[in-house]
Ligand SMILES: [Zn+2]
């Protein structure tokens, strides 16, 4: 088992700017900022990934204690770096809660003024 990083902090927990979260190790696109939601844990929480192949998942426990829902181990779909966990039906509206280490993420804010004005 290899961990790219084990330390977790609250770096991105309270970040809600528009943008995209990519793998800190390889730059693979993982989560949209619009999938992020507030959760009372130290880790950033998301309801869904950018694409189905953003992450790979494996079942860790069939029933985790806090919600009785299965917990999945989540790793980067590209470099297989461990990112955190997905707790099924533990997010808003019965969605998943992806509980991801800040240290495994890099945040790329959307650039506001990227639109080119077309003058004719
Ligand atoms: Zn990666």
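The values are calculated or read from the model by the stated rules, or taken from the named source; none is laboratory data. Predicted model, so just to flag it, every value in this text is computed and none were measured. FYI the Cβ positions are ideal-geometry reconstructions off the backbone, even for glycines, and counts take in every protein chain you see.
From 32, 39, which residue is modelled with pLDDT of 95 or more and surrounded by 16 or more Cβ atoms within 10 Å (Cβ to Cβ)?
Working: 39 fails: modelled with pLDDT of 95 or more.
That would be 32, the only listed residue that is modelled with pLDDT of 95 or more and surrounded by 16 or more Cβ atoms within 10 Å (Cβ to Cβ).
If you scan the stretch 17-32, which residues turn out to be within 14 Å of the ligand (Cβ to nearest atom) and either out of contact with any strand residue (DSSP E or B) (no Cβ under 8 Å at 6 or more places or on another chain) or touching a residue at least 40 places away in the same chain (Cβ under 8 Å) (or both)?
From the stretch 17-32, those within 14 Å of the ligand (Cβ to nearest atom) are 20-31; that's our starting set.
Answer for the stretch 17-32, where residues must be within 14 Å of the ligand (Cβ to nearest atom) and either out of contact with any strand residue (DSSP E or B) (no Cβ under 8 Å at 6 or more places or on another chain) or touching a residue at least 40 places away in the same chain (Cβ under 8 Å) (or both): 20, 21, 22, 23, 24, 25, 26, 27, 28, 30, 31.
Being within 16 Å of the ligand (Cβ to nearest atom), in a loop (DSSP other than H, G, I, E, B), at pLDDT 95 or above and surrounded by 11 or more Cβ atoms within 10 Å (Cβ to Cβ) narrows it down to one of 50, 74, 56, so name that one.
Values: 74 fails: in a loop (DSSP other than H, G, I, E, B); 56 fails: in a loop (DSSP other than H, G, I, E, B).
None of the others qualify; the one that does is 50.
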Item to complete: Filter the stretch 24-35 for residues that are within 9 Å of the chain's Cα centre (by Cα) and under 13 Å from residue 103 (Cα atoms) and give the result.
Response: none
